Each structure stands twice: as structure tokens, then as C-alpha cells.
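The values are calculated or read from the model by the stated rules, or taken from the named source; none is laboratory data. Model, not experiment: these values are computed from the prediction. Don't worry about glycine lacking a Cβ; one is built from the backbone with ideal geometry, like all the others, and counts go over all protein chains shown. Side chains included, ligands, DNA and RNA excluded: accessible areas come from the protein's heavy atoms. Shrake-Rupley method; radii C 1.70, N 1.55, O 1.52, S 1.80 Å.
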Amino acid sequence: MSVDGHLEALRREGRIVIVGASLAGLRAAETLRAEGFTGTLTLVGDEPHEPYDRPPLSKQVLLGKVPADHTRLPRRRPIDAQWRLGSAATGLDLAARRVRLADGDTLDYDRLLIATGVRARPWPHELEAELDGVFVLRTQDDAARLHHRLAAGPRRVLVIGAGFTGSEIASACREREVPVTVAERAAAPLVGALGGVVGEVAAELQRAHGVDLRCGVLVTGLEGDSAGRVRKAHFSDGSAVEADIVVVALGATRNTEWLADSGLGAGPRGIACDAGCRAFDVRGIVTDDVFVAGDVARSPHPLFGYQFLSLEHWGNAVAQAEVAAHNMVSASAERRPHLWMPSFWSAQFGVNIKSVGVPPMADQILVSQGSLAEHRFTAAYGYQGRVIAAVTFDQAKWLDFYERQIEQAAPFPPEFTTVDRRPEGHQPVSAGFPDPSQPTHGPTVTLSGYSPTDRRVSFTPRRA
């Protein structure tokens, strides 16, 4: 059969399996049908729920404005899929083109899309993690349980970790007038994502809203009562706080364990793929029938030195899923690269925070508009004399302009004039990111498709 004939047969009666029934998986399925794929389509998910939206879980759901089970993602079109929900994938046989499921069943495929995403990193002490009142927040069920406990009026909530999720949880607690303590090992909230300069603004916001913010400390242990309920947390500075809810917000772990020994280039930092979303095998050779999309993928981006970026962003999951699905059923000459501009948003303590580009790659920052002290500003980030990112606090209307600056590799410091430029914005300063050689700060740029456990990894910190 010719290449064209093989592709036409695939589009007409092929078997496509999508492992991961969340945002990326759903959007990929819709794109496949929109592209004219009429074969068998199967979606596999470890949760029992159909795809739902995660951003509201740490915001509207915790505030009681939206029930957790009312976050189902809207459908763009019918997908006529076979759903295998509540049964996780447990193995992959690349040679046989077969996925193994936890219920013992197997699924054969002609094309496979892996969109297994991430899961919340649990509290590392297993017995303490099992105490009643200790939570993580990643899934719809997590959010429902946490909302139920918040509604009961706890005496105090302790949030461990002041990244975006932890900060949004703290914000929801204060909006509910629940006392909250936030423990963060870095010098300020959001330092790993936005750097020390903006992190100090985030710290001011938290304290201004009544958060008991403790930075530069570690939680060394959780203590329970005789009934197995958490009651106290101990810190590395010798202090302690009593809390009847503890939310562990220590980042995420990529769901790749099921691919161990599969032959794919998968590991703790995700699954390496090319710009067309095709997965690499452990030899660094790109596969032609296995694709990757969403939080679990690591792909190169020309705007950022072809570094492999792992992006836990809602918009990236959608864009990458659409590109992957198109390429799965297209001839080589018609395939497209995934060149999405990284962006994110967060709402916390009454402020809308938005970003474009990759702030953690920066070494300098300049507040080009507004004022840090007023908590309303636009900051441009620079790396090696280029604008590579911008962050706004309640000034999102300028982001499109800065996105074009990034795309054009505009010089940094910015040479253009801006409205509302204050004295603090005349000279760039150090962006204040943590030492990238410390893996606990979660660098997002890596240079290898191999797992560190294989002892073949070549990890290069982003400013090395």
C-alpha cells in the first residue's frame, strides 16, 4: 500500500487511543473528528469523571460559588468515542502497539496520544499524609473534599508551599475569612515562577490580606491527635502552628511511571517530543505513531533557544493537543509545529496576574509600567539582551504588545517609551530567581529526553 493509501486507510478505519481523559485528551479527540478521522477512538482516564476544567477548583469551587461536579468541560463537537474511565493505563508495548490497562484489558492502536498530565505531589511522610485533615488539590474530588472541610469553619488552615496553587488556596481561605498560615521555603511566594522582585509584591499582598506568611522555613513534621486528625505543624525554625486543615501544595509530578521500560524517552520531567509532538524513544529517535500533548510533554521552542519546555498551562494543553491531533492523521508535508507562546493567569487576593513568555529563564527584570508598591504594574523580563517574558498585575491589556516583543526578539532593556513609566523602571535589576542548580525550585527548561534514573541524563540549568 502506498503512503497516501496507508494514511487514507488510517483516517477512515484506523484505531486511535488517547491515554489521558482531561483537557488535552478531549480537545485532541475533537480535533481528530474535525480533521475527518472516522475510525475507532478510545479515551482512557484514571479518574471516573469525564473531562472537567481544573482552574476553577482552587478558586470558584473553594469559595462555594461553583460545585465541584459542575466544572465539566464544554464540548466543541460530538466525538463518538469509547470511554475507558476509572481504569489507568499501566503499560505500553511499543513494538506491538498495545496499551495495558489496570483492569487487565489491553487496547491495540495505530496511533497513540499520551496526555496523562500531572498529579499533585503528596506530603512525603506517608503516615502524616494519612492524617485526617491533610489534603492536596489537583482533582475534582480533591476540591470537593477540601471545600466541604472549609465550609465547616476550621480554626486555621496551613498551606505548605506558596506557588500559584498554594497562593490561590490561601486567597480563597481569606475570602472565606478563614485564618490561614502559608509556609514557603523560598524567600517569598511565587519566587520560582516569577522571581524575587515580583515575589516580594506577592508577599505584600498576602500579608495585607491577613495571611500569616512564613518564608524561609520548612515544615519538618505534622502532628495528629489520638483520633488521627491533624492538629499541629512544626517548622524548621523551631516554631509551630496549630491547624485542623493542612493543604500540601508542593507542585506536581508528571504521570510517566506507567511508561517505564516502554522504550519511550519518558521520566520525571515528562516525555520528550519534537515540535510536531512526536515522542522520542530512549535512543533519541523520534517515533511516528506515538504523540504527546499537555502537561506531560516536553518540546523544543525556537523562541527560547530550542530548549525543551514543560509547560503546565491550560492554553498550552489545548494548543498542543490540536497540533498533535492534526499531525496524527496528516502526511509529513502537512504537519505543523507546536509553537505556542507560553502564557498563564492567576487570580488571588483581588489581583489578576498574567504572563507571557518564560519568566524563569530571565536574569533581569524591569518594571516598564506602573508601580510595584501599588500592586499594579507591567514587568518585562530579559535574558542575554532579549525580552523573553512579561508579567502584569492588573494590567493585562498590555500583554499583546509584549508578546510581539518576545516574538521579535526585541532588545532588553526595552528601547521603547511607555506610559506610566516610574523612576523604578529606568534601570533593570536582577530578577531574583533561585539558584537553578537546586532542583527543589523546579526549573522548567531541560535539555534531555532521558530519565535521570537512567543515568544518561544531561541536565543544564537555564542560566548555565
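Which residues, counting only those in the range 375-393, are within 22 Å of the chain's Cα centre (by Cα) and open to solvent by 10 Å² or more (accessible area, probe 1.4 Å)? Within the range 375-393, no residue meets the criteria. Cβ separations smaller than 8 Å between residues 6+ apart or across chains give the following pairs from the range 358-382 residues that are closer than 19 Å to Phe344 by Cβ and basic (Lys, Arg) to residues that are buried (at least 23 other Cβ atoms within 10 Å of the Cβ) and at pLDDT below 95: Arg376/Gly370. Residues of the range 304-325 that are open to solvent by less than 20 Å² (accessible area, probe 1.4 Å), in contact (Cβ under 8 Å) with a residue 60 or more places away in the chain and within 24 Å of Thr42 (Cβ to Cβ): Ala317, Val318, Gln320, Ala321, Ala324, Ala325. Every condition in (1) open to solvent by less than 30 Å² (accessible area, probe 1.4 Å); (2) under 19 Å from the mean Cα position of the chain (by Cα) holds for Asp281 except the one numbered (2). Residues of the range 163-191 that are surrounded by 24 or more Cβ atoms within 10 Å (Cβ to Cβ) and part of a loop (DSSP other than H, G, I, E, B): Pro189, Leu190.
For the range 107-114, does any single residue satisfy the condition of being of a type in the set (Phe, Trp, Tyr), touching a residue at least 12 places away in the same chain (Cβ under 8 Å), closer than 30 Å to Gly91 by Cβ and open to solvent by less than 10 Å² (accessible area, probe 1.4 Å)? Among the residues of the range 107-114, at least one is of a type in the set (Phe, Trp, Tyr), touching a residue at least 12 places away in the same chain (Cβ under 8 Å), closer than 30 Å to Gly91 by Cβ and open to solvent by less than 10 Å² (accessible area, probe 1.4 Å), which makes the answer yes.
Within the range 1-22, the residues that satisfy the criterion of being crowded, with 24+ Cβ neighbours inside 10 Å and outside any strand (DSSP E or B) are Gly20, Ala21, Ser22.
Taking each residue of the range 223-243 that is more than 14 Å from Ile160 (Cβ to Cβ) and of a type in the set (Lys, Arg) and looking for partners that are assigned to a loop (DSSP other than H, G, I, E, B) and modelled with pLDDT of 95 or more with beta-carbon atoms closer than 6 Å, six or more apart or interchain, yields Arg229/Gly133; Arg231/Asp225. When restricted to residues that are hydrophobic (A, V, I, L, M, F, W, C), in a strand (DSSP E or B) and within 15 Å of Gly163 (Cα to Cα), the range 245-258 contains 3. May I ask you to list the residues in the range 95-120 that are more than 30 Å from Val219 (Cβ to Cβ), in a loop (DSSP other than H, G, I, E, B) and out of contact with any Phe, Trp or Tyr (no Cβ under 6 Å at 6 or more places or on another chain)? Result: Ala95, Ala96, Ala102, Asp103, Gly104, Asp105, Tyr109, Asp110, Ala115. Here the condition is being open to solvent by 20 Å² or more (accessible area, probe 1.4 Å), in a loop (DSSP other than H, G, I, E, B) and modelled with pLDDT under 95; of Asp261, Asp237, it holds for Asp261 alone.
Just checking, does the range 141-148 include any residue being among the aliphatic types (A, V, I, L, M) and open to solvent by 20 Å² or more (accessible area, probe 1.4 Å)? Outline the logic, then answer.
Residues of the range 141-148 that are among the aliphatic types (A, V, I, L, M), as a first pass: 143-144, 146.
Retained after the next criterion (residues that are open to solvent by 20 Å² or more (accessible area, probe 1.4 Å)): 144.
The answer is yes; a qualifying residue exists.
Which ones in the range 121-150 are in contact with a Ser or Thr (Cβ under 8 Å, 6 or more places away or on another chain) and not in a loop (DSSP other than H, G, I, E, B)? Step through it out loud before you land on a result.
Filtering the range 121-150 for residues in contact with a Ser or Thr (Cβ under 8 Å, 6 or more places away or on another chain) gives 121, 137, 140, 143.
Gln140, Ala143, listed by residue number.
If I filter the range 162-169 for residues that are out of contact with any Leu (no Cβ under 9 Å at 6 or more places or on another chain) and at pLDDT 95 or above, do I get at least one hit?
Here is the first cut: in the range 162-169, the residues out of contact with any Leu (no Cβ under 9 Å at 6 or more places or on another chain) are none.
Looking through the range 162-169, none of the residues is out of contact with any Leu (no Cβ under 9 Å at 6 or more places or on another chain) and at pLDDT 95 or above.
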